[in-house]
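Data first, discussion second: the structure below is written as structure tokens.
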């Protein structure tokens with residue numbers, strides 16, 4: 001996982017001022033998630049939109065956090081891990097602790113993904129071999145059937 005902090009993502013968030021808010025529907029559409037997903041992330045403490053009555057308004061910080069959540073989920077981190085990494089962000093600090101934790105978790109996840117790749121490669125190889133045997137059997141039986149039909 002590319003080491004990304006909330007500040008890095010926020011800096012690239014279309015240069016919107018902190019006063020620019022996005023409604024939940026726009027947020028869902030922009031990031032390809034459901035409204036339910038956004039509410040779930042809010043319930044888990046990953047997002048904290050501003051409320052105006054029943055309307056949820058997402059800030060630049062929320063958009064940056066959602067990008068990090070989606071990136072983390074894409075590479076297989078649990079929401080707990082993602083929250084732990086994001087919550088360590090300190091806009092006034094060096095974020096060395098956040099970066100170390102992210103690197104540690106990323107290293108472990110990369111190991112898991114490589115193991116999964118190995119298992120997938122083995123499964124693909126076995127399935128390919130099995131399919132070759134089945135194709136051969138089918139070809140032989142089709143040839144016998146055609147031969148007996150011709151005589």
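The values are calculated or read from the model by the stated rules, or taken from the named source; none is laboratory data. Everything numeric here is computed off the predicted structure, so don't read it as measured data. Glycine also receives a Cβ, built like all others from the backbone with ideal geometry; neighbour counts cover every protein chain displayed.
Suppose we filter 66, 103 for residues that are out of contact with any helix residue (DSSP H, G or I) (no Cβ under 6 Å at 6 or more places or on another chain), at negative phi and at pLDDT 95 or above; which single one remains?
One residue alone meets the criteria, 103.
Go through (1) touching a strand residue (DSSP E or B) at 6+ places or on another chain (Cβ under 9 Å); (2) surrounded by fewer than 18 Cβ atoms within 10 Å (Cβ to Cβ); (3) part of a helix (DSSP H, G or I) for residue 51 and report which single condition fails.
(3)
Checking the conditions here, which among 97, 108, 83 is touching a residue at least 24 places away in the same chain (Cβ under 8 Å) and surrounded by 10 or more Cβ atoms within 10 Å (Cβ to Cβ)?
Only one candidate qualifies: 83.
Among (1) assigned to a helix (DSSP H, G or I); (2) farther than 28 Å from residue 111 by Cα; (3) modelled with pLDDT of 95 or more; (4) in contact with a helix residue (DSSP H, G or I) (Cβ under 8 Å, 6 or more places away or on another chain), where does residue 61 come up short?
Unmet condition: (3).
Here's the yes/no breakdown for (1) over 35 Å from the mean Cα position of the chain (by Cα); (2) over 18 Å from residue 72 (Cα atoms):
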site: 96; (1), (2): no, yes
site: 106; (1), (2): no, no
site: 125; (1), (2): no, yes
site: 145; (1), (2): yes, yes
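Please go through segment 75-100 and give me each residue that is within 19 Å of residue 112 (Cα to Cα), out of contact with any helix residue (DSSP H, G or I) (no Cβ under 7 Å at 6 or more places or on another chain) and assigned to a loop (DSSP other than H, G, I, E, B), ordered by number.
78
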